[in-house]
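The values are calculated or read from the model by the stated rules, or taken from the named source; none is laboratory data. A quick note: this is a predicted structure, and the numbers were derived from the prediction, not measured. When we count neighbours, we look across all protein chains shown, and the Cβ atoms used for this are built from the backbone with ideal geometry, even at glycine. Just the protein is used for accessible areas: all its heavy atoms, side chains included, with ligands, DNA and RNA removed. Shrake-Rupley method; radii C 1.70, N 1.55, O 1.52, S 1.80 Å.
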Amino acid sequence: MSSRPLRFTATGLGLGLLATGCALDPYQSTPSAEPAVLGFINGGTDSYHACLQTAVTDTTSGNLSKILTANSHGSKAAELRNVRYMIAHKVDAILLISVDATALSADIAAARKAKIPVSLIALMPADDSKILGATIGDLVGIGKLDAEWVNEDAAGKQVKAGVVSGDGSTSSNLMVSGFTKNLAANVQVVGDERGMFNRAKAKAAAAELIQAHPDIQYAFVANEDMAFGAREAFDAAGAESVKIVTANGTDPGLAALKSGKFSATVSNSVQDLGALSVTHTLGLLRKEEKDKIARVPIRLVTKDNADTAPLYCDTNV
């Protein structure tokens, strides 16, 4: 997913805590001599979800645990069926990247009734008392880092910035607010068009933005795939000088930094997200970790430090 976090098959099965006769409480997990069995419910099959699954499965194996996977293919109904599937297989914990935050209450309720803890990936409900934990990215921080780059580059001059946001979801809104609320007083935001996390739609949105505001100097675009569409639109309109700041840190995005198509991005590694979600969940199950919420580190990346950016995705995906 592109940057979509909200605030809101099987490689083997083994005996878990439930199979030993120990009741697994969502808040107090009992250590077991058997390898933990994690049930990972993915939300889609695009490159983001493929990268996430590779990271989750590889990290689970590397931590001497076992994994059972399912995919909801963007369907809330399928997601709940997958939760029930994991319950039927008595996994020790469910790792869930939800297709929609509105599906969470039913998912979590079903798992809690079965006394199986849920660990969320890339999202966190306002009330975290009913989940084992969550692994998230710092969405506000992503926008803030891009804003700080614009502030420094503008160097106090009166400038204008446009926004190509995502889909209006909580995750997209958090990123945008992180950007707009951290801009210096000399940077005026003059437009916000939705790119819907789609390159073609972002290109059309950027075309509307530059037509309405031909004097913008900067554009915040909520992920790099959309940023490529925005770059095409700006260049076609003769606005090659517009500086784009964005997020993800993909290989194509880093190449665009080096070539000058983008000015800055914020690394938001899905590889790190998947790996941390596993180690954090296992740590909570084993009572080695106390903090419910784990956050993936982010970093501003420019042409100067692009070669040292974190790996976004397993290159085999």
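For the reader, a short list of remarks on this structure follows.
- For Glu34, the solvent-accessible surface computed with a 1.4 Å probe is close to 80 Å², ligands and nucleic acids excluded.
- From the coordinates shown, volume of the Cα convex hull per residue in Å³ corresponds to which of (1) 272; (2) 122; (3) 303: (2)
- In the chain, helical runs assigned H by DSSP with n ≥ 4 each contribute -39500 (n - 2.57); averaged across all residues and rounded to the nearest 500, the mean residue ellipticity at 222 nm is -12000 deg cm²/dmol.
- Global form of the range 158-239, assessed from the alpha-carbon gyration tensor, a/c cut-off 1.5: oblate
- Taking every DSSP beta bridge that has both ends in the chain, the antiparallel portion is near 10%.
- Annotation: Arg112 carries an accessible surface of approximately 80 Å², with a 1.4 Å probe and no ligand, DNA or RNA atoms counted.
- For the pair Thr308 and Lys115 in one chain, pulling the backbone fully straight at 0.36 nm per residue adds 65.2 nm over the alpha carbon distance.
- The local environment of Leu209, defined by Cβ-Cβ distances under 9 Å, has a net charge of -3 under the rule Lys, Arg +1 and Asp, Glu -1.
- Seen from Ala103, the other residues with C-beta closer than 9 Å to its C-beta sum to a net charge of -2, counting Lys and Arg as +1 and Asp and Glu as -1.
- Nitroxide proxy distance, nm - points 7 Å out along Cα→Cβ at Ser241 and Ala185: 2.6
- With all protein chains in place and ligands, DNA and RNA left out, the 1.4 Å accessible area ranks Glu240, Glu148 as Glu240, Glu148, largest first.
- Straight-line cross-link partners of Lys303 among the aspartates and glutamates, defined as a Cα under 19 Å from its Cα and at least 8 positions apart when in the same chain: Asp146, Glu148, Glu152, Asp153, Glu224, Asp225, Glu240, Asp251.
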